[in-house]
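See below for the structure under consideration.
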There are 2 protein chains.
Amino acid sequence: MKTPMKVAVTGAAGQIGYSLLFRIAAGDMLGEDQPIDLCMLERDNEASIKAARGVMMELDDCAFPLLNKVCSTSDPSECFRDADIAMLVGARPRTADMQRADLLAANAQIFVQQGRAINNVAKPDIKVLVVGNPCNTNAYIARKCAPNINPKNFTAMMRLDHNRTLTQVAQKINCKVTDIEGLCVWGNHGGTMFPDLTHSTVKGKPVMTMIDKTWYLSDLVPTVAGRGGAIIKARGHSSAASAANAAIDHIRSWIKGSNDQIVTMAVPSDGSYGIPEGLTFGFPVVCKDGDYEIVKGLEIDDFHKEFFAKNIKALEEEKAIVDEIIAKS
Amino acid sequence: MKTPMKVAVTGAAGQIGYSLLFRIAAGDMLGEDQPIDLCMLERDNEASIKAARGVMMELDDCAFPLLNKVCSTSDPSECFRDADIAMLVGARPRTADMQRADLLAANAQIFVQQGRAINNVAKPDIKVLVVGNPCNTNAYIARKCAPNINPKNFTAMMRLDHNRTLTQVAQKINCKVTDIEGLCVWGNHGGTMFPDLTHSTVKGKPVMTMIDKTWYLSDLVPTVAGRGGAIIKARGHSSAASAANAAIDHIRSWIKGSNDQIVTMAVPSDGSYGIPEGLTFGFPVVCKDGDYEIVKGLEIDDFHKEFFAKNIKALEEEKAIVDEIIAKS
């Protein structure tokens, strides 16, 4: 039997957490031979603690063979202590009266604290995925507050955007999602992100020869960008199960490899493709042996550069605001 | 690539359905090499249809490699046509003003209709699991309305009670759930059911030598019977993820085998252990080659018979009420 891996999950009693924890415990993320210690971080208020207790009872009621231990705490140091993986799902959502700077400040508080706790108590090679929005900048904050951890290990989730793009393309050209290769979503998870089909193929044939550019730019790009809103409109709730699924895909690819396929992860830029070093940016990556590498050498033209510029601008504006907050914290 | 199996799920846009569908599509139930056609049955009202559409959008957004097709309908014939597996999750819940007979009547309407549709359009070897309560009697109704299908293939879910018992025992004697063998829950899913530890062992040692009978009867039996209520109290919602997990366990064991282990399924009695033939009763079963067998020859004493009698009485009372309804339908 393998040694258990400790998975820390924040916002565990929320909607995404409820869709996520049971799949982690069932082995969907780390495989059927990997025992798991699960630790949930919840806010220190009665409703959250009660909800977390209910989730723990239900985890017990599943009698998961792989679930070695489960705990719930409102203390980040307890949650992240010796953790192998952290999935930072909890974040402060935007309320009607909030300006963007307020939202960034509210989230900065959370991610400064969690970044420091990770720095102090987690395994040195912990892998961190930020799901809570604005996820790219939240991942940037946590990384900046964890100087002892390899910066590369702080990532943000754009796999949901990647998966959404896959299905939209598959439905458009009537193929299987597994037939599509080389697709990625560049940039900042949000309105400016760029689903890139220009290097994508279906059974070796370029996708761009199978679709027209008007559909691509006027339909696909806004559909992917607006998909979260469309789900809320249909369900009356935001995406939970599909977000949880993307989080599982992200970590599973990272740990177990992506079988030489390109997947999308938002990771600290190493300067590739002219993206300023250090921004948490959606890149095409390939995962192998528990590590990821940004795919190099893809042909980039003015069309890409225009999209990149919008995303760089958005992320640099957020960075300027949160750098000030981090400096004062 | 294997031929897709069609899985029909009713009440798919409810809480259990939302926890269930994504795990089915991820391969948790039928394995990583089994493509799936998923068909959801929803009630014909705006809220249900909208919720089902939201779920379908999120299933799309997961880009599940195994999900061959997904559809949603309010027509049982469309939902069950050529289905290999039916998971009947949707049922009429009991409201404050309802008597037990009203509840049975309201559910009889649903399960008479679904039983007939299954009879007329499903694959002849369809496997049916009823999750919606009162699940034993609902399974009985559907079976009675499907004379062309092997009666053995109509089952009800007591795996959640089984799993709950496993963890309670594991926590009591401080062992792993996977160390416990031979446990089952007899009877009717509800207040009278009987978690049986008398044939259960941990690494070959009888569980009954490791616990005291007072804890067993005064603590374990009521804890398992009252667990659903305790979850509602903690969560503010009824068990969803743990119920979905048990449904997956039930079907996975049935299809892929239980590795010579005893699991609990509520199945039509063949008269074993003095349980009247035809009642849908929780039994210890072993699954192999896509079939289950009731475990025979277990030693039964007065202690068991007393519990059996209560469950037989409850199920025969329900049977009398629904037999009349079925005859008139």
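The values are calculated or read from the model by the stated rules, or taken from the named source; none is laboratory data. Small disclaimer: the values here were computed from a predicted structure and weren't measured. Cβ placement follows ideal geometry from the backbone for every residue including glycine, while neighbour counts extend to all protein chains displayed. With ligands, DNA and RNA removed, areas are computed over all heavy atoms of the protein, side chains included. Shrake-Rupley method; radii C 1.70, N 1.55, O 1.52, S 1.80 Å.
Of all DSSP beta bridges in chain A, what percent run antiparallel (nearest 5)?
45 percent
Relative contact order of chain A, please, whole-number percent, based on alpha carbon pairs below 8 angstrom and at least 6 residues apart.
Dividing the mean separation by the residue count of chain A yields 16 percent.
Show me, bin by bin at 5 Å from 0, the whole-percent P(r) of the range A:159-315 based on Cα pairs.
2, 9, 18, 23, 22, 17, 8, 2, 0
Between the range B:35-49 and the range B:149-204, how many Å separate their Cα centres?
Taking the Cα centre of each part, the range B:35-49 and the range B:149-204 sit 31 Å apart.
Using a simple spin-label model with points 7 Å from Cα along the Cα→Cβ vector, what separation in nm is obtained for B:LYS176 and A:SER272?
3.9 nm
Pop a pseudo-label 7 angstrom from the Cα along the beta-carbon direction at both B:ASP289 and B:LYS2 and give the gap in nm to one decimal.
Output for this residue pair reads 1.8 nm.
When we measure straight from the Cα of A:LYS313, which lysines land under 21 angstrom away, once same-chain ones fewer than 8 places off are left out?
Those lysines meeting the cut-off are A:LYS144, A:LYS305.
If you add up the charges near A:ALA327, with Lys and Arg at +1 and Asp and Glu at -1, over every other residue whose beta carbon is less than 13 angstrom from its beta carbon, what do you get?
Taking every Cβ under 13 Å from that of A:ALA327, the sum is +1.
Could you work out the per residue convex hull volume over the alpha carbons of chain B, in cubic angstrom?
So the per-residue hull volume is 140 Å³.
Just to confirm the numbers: A:ASP291, label point 7 angstrom along the Cα-Cβ line, distances to the other copies in nm, shortest first?
5.4
Please give the net charge around B:PHE111, taking every other residue with its beta carbon less than 11 angstrom from that of B:PHE111, where Lys and Arg add +1 and Asp and Glu add -1.
+4
Assign unit charges at the C-beta atoms only (+1 for Lys and Arg, -1 for Asp and Glu), then state the dipole size of the protein assembly as shown relative to its Cα centre in Debye, rounded to the nearest 20.
Rounded to the nearest 20 debye, it is 460 debye.
Write down the Å³ per residue value for the convex hull defined by the alpha carbon atoms of the range A:103-218.
In the range A:103-218, the Cα hull volume divided by residue count equals 112 Å³.
Mind checking how much accessible area B and A bury in total, 1.4 Å probe, in Å² rounded to 100?
3200 Å²
Give, as a single signed number, the net charge of other residues whose beta carbon lies under 13 Å from the beta carbon of A:MET57, with Lys and Arg counted +1 and Asp and Glu -1.
Charge balance near A:MET57 sits at +3.
Sort out for me the Cα centre separation of the range A:1-30 from the range A:234-313, rounded to whole Å.
A separation of 22 Å, based on Cα centres.
Treating the point 7 Å from Cα along Cα-beta-carbon as the label, what are the nm separations from B:ALA101 to the other copies, to one decimal?
So the distances to the same position in the other copies read 7.0 nm.
What does the helix-only formula give at 222 nm for the protein assembly as shown: each DSSP H stretch with n ≥ 4 adding -39500 (n - 2.57), the total divided by the residues, and the result rounded to the nearest 500 deg cm²/dmol?
Here the helix-only value at 222 nm equals -13500 deg cm²/dmol.
If one puts a single equal scatterer on every Cα of the range A:177-243 and applies the Debye formula without solvent, what log₁₀ I(q)/I(0) results at q = 0.20, 0.23 Å⁻¹?
-0.91, -1.05
Would you mind telling me which residue in A:ASP97, A:ASP260, A:ASP219 has the biggest mean-square fluctuation in a Gaussian network model of chain A, where springs connect alpha carbons within a distance under 10 angstrom?
A:ASP97
Between rounded, prolate and oblate, where does the range A:104-161 land on the alpha carbon gyration tensor, with a ≥ b ≥ c its root eigenvalues, rounded for a/c under 1.5, else prolate if a/b exceeds b/c?
oblate
Which of the lysines could be linked to A:LYS288 by a straight reach, that is with a Cα gap under 19 Å, when you skip same-chain ones fewer than 8 residues away?
A:LYS127, A:LYS152, A:LYS256, A:LYS296
Provide the descending list of Cα extents for the protein assembly as shown along its principal axes, expressed in whole angstroms.
Computed over the protein assembly as shown, the largest-to-smallest principal extents equal 78, 53, 45 Å.
Using a 1.4 Å probe over the heavy atoms of the protein chains, calculate the carbon and sulfur portion of the accessible area of the range B:159-315 as a whole percent.
Taking all protein chains in place, the range B:159-315 shows 49 percent carbon and sulfur surface.
State, to one decimal in nm and shortest first, how far the label point of B:GLU277 sits from each corresponding label point in the other identical copies (label point: 7 angstrom along Cα-to-Cβ).
Taking the point 7 Å beyond Cα along Cα→Cβ, the inter-copy spacings are 8.2 nm.
For the range A:5-156, what does the accessible surface come to per residue with a 1.4 Å probe? Please give it in Å².
37 Å²
Give me the 1.4 Å probe accessible area per residue for the range B:159-315, excluding ligands and nucleic acids, in Å².
Each residue of the range B:159-315 exposes 40 Å² on average to a 1.4 Å probe.
Of all DSSP beta bridges located in the protein assembly as shown, what percent are antiparallel, nearest 5?
45 percent
Taking square-rooted eigenvalues a ≥ b ≥ c of the alpha carbon gyration tensor, is the range B:1-91 rounded, prolate or oblate, where a/c under 1.5 means rounded and, failing that, a/b exceeding b/c means prolate?
Since a/c reaches 1.5 and a/b is larger than b/c, the shape of the range B:1-91 is classed as prolate.
Can you classify the range B:5-156 as rounded, prolate or oblate using the Cα gyration tensor, where a ≥ b ≥ c are the square roots of its eigenvalues, rounded means a/c under 1.5, and otherwise it's prolate if a/b beats b/c and oblate if not?
Cα axes put the range B:5-156 in the oblate bin.
Quickly work out the B:MET98-to-A:ARG100 label distance, labels modelled 7 Å from Cα along the C-beta direction, and quote it in nm with one decimal.
Rounded to a tenth, the inter-label distance reads 5.0 nm.
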